[in-house]
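Values quoted throughout were computed directly from the atomic coordinates according to the rules given, and no laboratory measurement underlies them. Keep in mind the model is a prediction, meaning the values are calculated, not measured. Using ideal geometry, Cβ is built from the backbone for each residue, glycine included, and neighbour counts are taken over all protein chains shown.
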């Protein structure tokens with residue numbers, strides 16, 4: 001990473017601490033977004049070069065975004081081009097459509113996702129697969145969704161596991177079904193910082 005960047009990590013619920021540790025280890029300046037004030041102050045101070053939407057419970061996170069008054073500003077920031085890394089529940093928050101639920105949230109990513117797509121038998125599993133621009137990567141799936149339809153040809157498919165799309169990039173948005181933050185492999189976060197946040 002050629003320069004320090006400031007990354008805000010949504011911390012209302014879910015696996016935000018693991019993302020923070022991974023990004024700190026790569027030299028980013030991170031801060032937690034727990035309430036509307038955290039987001040507003042970062043924007044006003046020019047200290048928000050990227051956002052992380054972590055795994056967790058998408059329905060809880062989606063409700064809290066509205067209850068805490070952050071929904072509109074977060075949606076506007078992403079639509080205006082602020083880089084975002086979304087994992088598992090974060091992918092569901094971004095998706096334009098959720099195929100097995102009538103709730104959709106930020107709707108900034110033109111894909112359809114299936115919640116809890118792997119069911120109980122494969123609720124959690126680990127597999128090695130190829131990620132475009134990164135290479136072979138050990139992926140941790142935890143009650144994960146997958147993308148069941150791409151709704152815009154500009155969406156780049158980055159990874160497929162068992163015929164299902166599990167990682168995509170669309171402009172400033174990098175969205176994954178799996179949890180790179182629980183890995184010891186920092187390449188996904190490095191790709192986010194170097195290629196999307198800094199565009200190098």
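Looking at the square roots a ≥ b ≥ c of the eigenvalues of the Cα gyration tensor of segment 10-68, which shape do they give, rounded for a/c under 1.5, prolate if a/b is larger than b/c, or oblate?
Verdict is oblate for segment 10-68.
Cα convex hull of the chain: how many Å³ per residue?
Spread over its residues, the Cα hull of the chain gives 105 Å³ apiece.
Given the -39500 (n - 2.57) contribution per DSSP H run of 4+ residues, what per-residue ellipticity at 222 nm results for the chain, rounded to the nearest 500 deg cm²/dmol? Mind showing how you got there, number by number?
Values: 6 runs with 49 residues, N = 200.
So the calculated ellipticity at 222 nm is -6500 deg cm²/dmol.
Let me make sure I get this right: for segment 41-106, a, b and c are the square roots of the gyration tensor eigenvalues over alpha carbons, sorted descending. Under 1.5 in a/c it's rounded, otherwise prolate if a/b > b/c, else oblate. Which is it?
prolate
For a test of the definition: using alpha carbon positions, the gyration tensor, and the 1.5 limit on a/c, classify segment 71-150 as rounded, prolate or oblate.
Judged from the Cα gyration tensor, segment 71-150 comes out oblate (a/c at least 1.5, b/c at or above a/b).
List the relative contact order of segment 6-197 as a percent without decimals, with contacts defined as Cα pairs under 8 Å and 6+ residues apart. Show your work: numbers first, answer last.
Details: 398 pairs, mean separation 35.6, N = 192.
Rounded, it is 19 percent for segment 6-197.
Using DSSP, restrict attention to beta bridges with both residues in the chain and report what percent are antiparallel, rounded to the nearest 5.
Restricted to the chain, the bridges split so that about 55 percent are antiparallel.
For a quick check: sort 18, 130, 57 by the number of other beta carbons within 10 angstrom, fewest at the front.
So the residues, fewest neighbours to most, are 130, 57, 18.
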